[in-house]
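Heads up, the thing below is written out as structure tokens.
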Amino acid sequence: MSQSKEPIPYGSWPSSLSAADVAEGMPSPEWLGFVGDEVWWTESLAHDGGRSALMRRAPDGVGAQVLPPGWDVRTRLHEYGARPWRALSAHPADGIVFTHWTDQRVYRWRPNTDPEPLTPPATVQATCRYGDFAVRGDEAWCVRETIRTEGDTPAQVHRDLVALPLDGRAAGDRSAVRVLASTHDFMTGPRIEPGGRRVAWIGWNHPAMPWDSTDLMVAEISPDGTLHNLTRALDGGRQQSVTQAEWAADGSGRLYAVTDPEGWWNLYEVTPGGPARNLCPLAEEFGEALWRMGTSWFQPLSDGGIAVVHGTSERRLGILAPDGDLTDLGPGGQYTQWSTPATDGHRIAAVAAGPDHRPTVVLVEPHQREPEPLRTDRRTLAATPYLRTYHGPDGEPVHAHVHPPHHPRATNPDGELPPFVVFAHGGPTNRSPLVPLDHITYFTSRGIGVLDVQYGGSTGFGRAYRDRLRGAWGVVDVQDCAAAARGIVADGLADPDRIAIRGASAGGWTAAASLIAEPDLYRAAAIYFPVLDADTWRRTTHDFESRYAETLIGPWPKSRELYEQRSPVHRADRIRAPFVLFQGTEDAICPPGQAEQFLKQLEGSDTPYTHRLFEGEGHGFRGAATVIHTLQAELALYSRVFGFHLAPE
């Protein structure tokens with residue numbers, strides 16, 4: 001017998017998903033790899049200050065930590081991080097290499113032993129960060145980022161591909177670290193051909209970002225481990241963005257790369273010095289923006305096939321056969337978002353999520369088609385989101401993910417329309433998954449809809465859609481969010497007088513700029529660790545994004561006036577809607593000084609706001625107490641502004 005629903009005002013629905021539950025559910029599995037027969041991965045532990053633990057599946061099906069207590073498997077490479085660990089072989093007894101967050105040194109760990117350092121400690125003058133490992137003989141190959149500081153002069157950053165001896169002698173002798181190559185301002189870690197004859201990597205130079213143009217490099221490996229005959233297998237000068245490259249696993253010597261000469265990140269077979277062949281031409285993405293080195297979207301299999309993640313708003317896992325035939329695994333199944341595949345040559349592990357499932361590690365036997373979850377984590381409160389496409393003032397499509405309010409036992413009183421929060425994702429060259437993550441369900445289960453806008457510049461819809469934001473940051477993103485918000489109102493799904501906007505990082509820029517540009521549309525905003533002044537940001541952010549604004553706004557100093565016109569800090573006095581602003585003290589990407597500048601412009605105004613600076617938090621909050629506080633404060637803001645009473649958590 002179906003249970004009748006009780007009419008309760010939107011926003012006041014009692015939800016069993018508390019802010020503490022969201023914080024505890026924050027760990028997202030990533031950086032998967034096979035160690036013998038097992039799948040291991042990293043996971044952020046909110047209850048332990050956000051420490052990133054290396055996990056495996058215990059016999060009882062619960063995730064168990066691999067390393068001794070206290071080890072934090074995470075690297076600060078490019079500040080956003082990179083793949084921080086790698087198994088040394090298919091034999092678990094050989095152990096792994098990993099980067100430890102606290103000191104950023106590389107360690108080797110073998111079962112039943114303590115980790116031993118492979119790299120020297122930092123000095124007063126220089127700090128090194130390592131990540132995206134490969135293994136060749138008795139060495140671990142990786143990318144090294146060296147940051148040199150001297151007095152008050154700006155830090156000097158340099159990157160190399162290096163070889164670390166596995167016997168640990170470089171821990172006390174810096175000269176034992178062998179430099180392999182230094183071809184670009186930025187490089188991914190090396191990909192060594194099976195058999196060890198050649199190595200490939202991706203590189204790019206300022207002011208390009210890796211989604212603008214990159215070079216695919218190939219070199220031959222001498223018997224002594226040095227590199228020679230460096231060539232550009234694919235030249236980013238033609239405005240190609242290579243986002244991943246891997247060698248075939250079947251010993252054929254084929255090189256595969258995800259690149260976009262035809263406007264979509266498709267998978268190509270690359271012949272160094274020759275043409276590249278599109279293996280499966282589709283108006284879909286087989287890769288995404290390369291924000292973190294070592295991220296994967298495809299993995300070659302031993303039988304010559306390739307495991308691929310592909311799609312637009314959704315992401316499916318499939319097998320691409322050598323003849324170009326693409327077969328999806330588990331079609332129409334419970335998972336609609338797949339990411340970070342890993343393989344032992346036969347089986348495939350990946351992170352999967354769906355309307356009823358939080359992101360979890362699953363194992364796929366290709367001949368069985370149906371995935372096996374290594375950790376079961378079902379949802380009970382989430383609604384199924386859907387894609388809706390609106391149109392902006394220029395007629396361009398604006399894609400958005402609609403997450404309607406949903407509750408198994410509550411409904412709205414007759415005639416009431418729900419409040420909605422517009423989500424502007426970070427990046428801005430990024431995207432949001434089409435799944436109800438916990439921080440979204442926290443609102444929808446209380447009767448607040450979420451409209452997650454994939455504004456122009458977002459990935460997932462081809463290069464032309466990505467390039468809509470070039471030179472137009474602070475304009476296109478703001479207009480697209482407003483167009484989607486007005487679209488959902490026109491659809492009769494949202495209360496036009498109860499619309500808020502929320503964003504983090506670059507999304508925080510969009511949220512703040514939207515309060516200024518659309519004072520009659522948005523009634524409140526939640527702004528997390530934002531960019532607020534483009535000039536200050538370019539001067540104080542990390543090297544990876546230090547020239548990013550040149551493509552988003554324009555070259556400096558030629559576009560100085562645009563930087564000032566677009567930056568919310570210079571127009572903050574126009575804001576009338578209340579907002580919350582959250583920042584971490586250790587944010588190296590968006591330092592807290594911008595928030596202080598922004599709030600200073602509001603001195604003497606009547607605009608109500610809440611500002612909180614969290615000690616020890618960086619760019620992206622990891623601690624449970626921080627997540628709880630920010631969610632509850634944000635919800636309290638919406639309660640005051642939209643006029644509903646909060647149900648107790």
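Listed values, structure above:
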quantity: Filter result for Arg86 (at pLDDT 95 or above, surrounded by 21 or more Cβ atoms within 10 Å (Cβ to Cβ), part of a loop (DSSP other than H, G, I, E, B) and not small (Gly, Ala, Ser)); calculated: no
quantity: Qualifying position, being touching a Ser or Thr at 6+ places or on another chain (Cβ under 7 Å), within 18 Å of Arg110 (Cβ to Cβ) and in contact (Cβ under 8 Å) with a residue 40 or more places away in the chain, among Leu88, Leu32, Leu54; calculated: Leu54
quantity: Considering residues of the range 145-195 that are among the polar types (S, T, N, Q) and modelled with pLDDT of 95 or more only, the residue surrounded by the fewest Cβ atoms within 10 Å (Cβ to Cβ); calculated: Ser175
quantity: The listed residue being out of contact with any His (no Cβ under 6 Å at 6 or more places or on another chain), among the aliphatic types (A, V, I, L, M) and at pLDDT below 95, out of Ala410, Ala400, Ala342; calculated: Ala410
quantity: Test for Ala526: is it under 21 Å from the mean Cα position of the chain (by Cα), at pLDDT 95 or above and over 22 Å from Pro397 (Cα atoms); calculated: yes
quantity: Test: residue in the range 246-254 that is out of contact with any Cys (no Cβ under 7 Å at 6 or more places or on another chain), touching a residue at least 12 places away in the same chain (Cβ under 8 Å) and assigned to a strand (DSSP E or B); calculated: yes
quantity: The range 155-169 residues that are over 17 Å from Arg110 (Cα atoms), paired with ones that are in a strand (DSSP E or B) and at pLDDT below 95 (beta carbon under 8 Å, 6 or more apart); calculated: Ala155/Arg148; Gln156/Arg148; Val157/Arg148; His158/Arg148
quantity: Output for the range 567-618, where each listed residue is of a type in the set (Val, Ile, Thr) and not in a loop (DSSP other than H, G, I, E, B); calculated: Val569, Val580, Thr610
quantity: Positions within the range 51-83 being among the aliphatic types (A, V, I, L, M) and part of a strand (DSSP E or B), in sequence order; calculated: Ala53, Leu54, Met55, Ala64, Val73, Ala82
quantity: Sole residue being free of Cβ contacts under 8 Å to residues at least 24 places away in the same chain, among the polar types (S, T, N, Q) and either buried (at least 22 other Cβ atoms within 10 Å of the Cβ) or farther than 15 Å from Gly503 by Cβ (or both), chosen from Ser514, Ser546, Ser559; calculated: Ser559
quantity: Candidates Thr75, Thr42 - the one that is touching a Phe, Trp or Tyr at 6+ places or on another chain (Cβ under 6 Å), within 29 Å of Asp103 (Cβ to Cβ) and of a type in the set (S, T, N, Q); calculated: Thr42
quantity: Residue that is surrounded by the most Cβ atoms within 10 Å (Cβ to Cβ) [pool: residues in the range 38-50 that are in contact with an Asp or Glu (Cβ under 8 Å, 6 or more places away or on another chain) and not in a strand (DSSP E or B)]; calculated: Ala46
quantity: Test: Ala342 is within 18 Å of the chain's Cα centre (by Cα), within 30 Å of His542 (Cβ to Cβ) and in a loop (DSSP other than H, G, I, E, B); calculated: no
quantity: Unmet requirement for Thr102, which otherwise passes all of (1) under 24 Å from Phe544 (Cβ atoms); (2) touching a strand residue (DSSP E or B) at 6+ places or on another chain (Cβ under 9 Å); (3) in a loop (DSSP other than H, G, I, E, B); calculated: (2)
quantity: Residue under evaluation Val157, criteria (1) closer than 23 Å to Ala200 by Cα; (2) outside any strand (DSSP E or B), criterion not met; calculated: (2)
quantity: Residues that are among the charged types (D, E, K, R), within 27 Å of the chain's Cα centre (by Cα) and at negative phi, drawn from the range 109-133; calculated: Arg129
quantity: Residue within the range 607-617 that is closer than 27 Å to Gly471 by Cα, surrounded by 15 or more Cβ atoms within 10 Å (Cβ to Cβ) and not small (Gly, Ala, Ser) present; calculated: no
quantity: Qualifying positions in the range 160-197 - under 25 Å from Trp291 (Cβ atoms), acidic (Asp, Glu) and part of a loop (DSSP other than H, G, I, E, B); calculated: Asp185
quantity: Filtered residue count, the range 438-484, keeping only those that are among the small types (Gly, Ala, Ser), more than 17 Å from Gly508 (Cβ to Cβ) and either surrounded by fewer than 23 Cβ atoms within 10 Å (Cβ to Cβ) or in contact with an Asp or Glu (Cβ under 8 Å, 6 or more places away or on another chain) (or both); calculated: 7
quantity: Residue count, the range 552-566 (criterion: in a helix (DSSP H, G or I) and out of contact with any Asp or Glu (no Cβ under 6 Å at 6 or more places or on another chain)); calculated: 7
quantity: Residue that is surrounded by fewer than 16 Cβ atoms within 10 Å (Cβ to Cβ), closer than 24 Å to Gln244 by Cα and of a type in the set (A, V, I, L, M, F, W, C), where the choices are Ala307, Ala283; calculated: Ala283
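The values are calculated or read from the model by the stated rules, or taken from the named source; none is laboratory data. None of the values given here were measured: they were computed from a predicted structure. Heads up, the Cβs are rebuilt from the backbone with ideal geometry, glycines too, and the neighbour counts pull from every protein chain shown.
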